[in-house]
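The next block holds one structure in the form of structure tokens; read it before the comments.
The values are calculated or read from the model by the stated rules, or taken from the named source; none is laboratory data. All of these numbers come straight from a predicted model, not from anything done at the bench. Heads up, the Cβs are rebuilt from the backbone with ideal geometry, glycines too, and the neighbour counts pull from every protein chain shown. To get the accessible areas, we keep the full protein, side chains included, count just its heavy atoms, and leave off ligands, DNA and RNA. Shrake-Rupley method; radii C 1.70, N 1.55, O 1.52, S 1.80 Å.
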Amino acid sequence: MLDFANLEDADLHYADLTNVHLRGANLKRVDLSGTWLVRAVLMDADMRQASLRSVLLCYARLDGADLRATDLSNADLTAAFVEGARFELADLRGAVLTDTNLAEATLTGAVADDTTVWPRGFDPAAAGVLPAHDAPPLRPLSLFPQDPPSGSARGVSP
């Protein structure tokens, strides 16, 4: 179990993290591209600006996760649990969200296209999702200034 781990800026692409427990973990800007996170527990994880391109998140627990400005293009979130998850400004182009209940997730400003697969009956426009051709640049760094590195003194010049 890696609950509450600090993996900020880590490169974990193409790893098999099936059933991993990363509850409350700091995963800001982590590269998880192509990773298997099937049935992973990522509840309350901070995943802002992470790269989750082509990741498998089937049946994953993402309740309360912060996925703002995250690249989820071509990700498979089939039957993922996302109650209270924040997807604002996320890239959902080509993502598969079949059987995922998005009723309690926040998607304002997320970007999708015609290849995004939504749950039956879900209205992306009503949830604030933008069509890719109308969207601003994705993953804006100015919204999430980088935190000082761990152990560095604030306000002290090198």
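Summary table below
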read-out	value
Contour minus Cα-Cα distance for His133 and Thr98 (0.36 nm per residue)	10.3 nm
Dipole magnitude of region 1-120, debye to nearest 20 (Cβ charges: Lys/Arg +1, Asp/Glu -1, about Cα centre)	80
Solvent-accessible ranking of Trp118, Trp36, largest area first, probe 1.4 Å	Trp36, Trp118
Protein-only accessible surface order, largest first, of Ser73, Ser54 at 1.4 Å	Ser54, Ser73
Solvent exposure ordering (accessible area, 1.4 Å, most first) of Phe4, Phe81, Phe87	Phe4, Phe81, Phe87
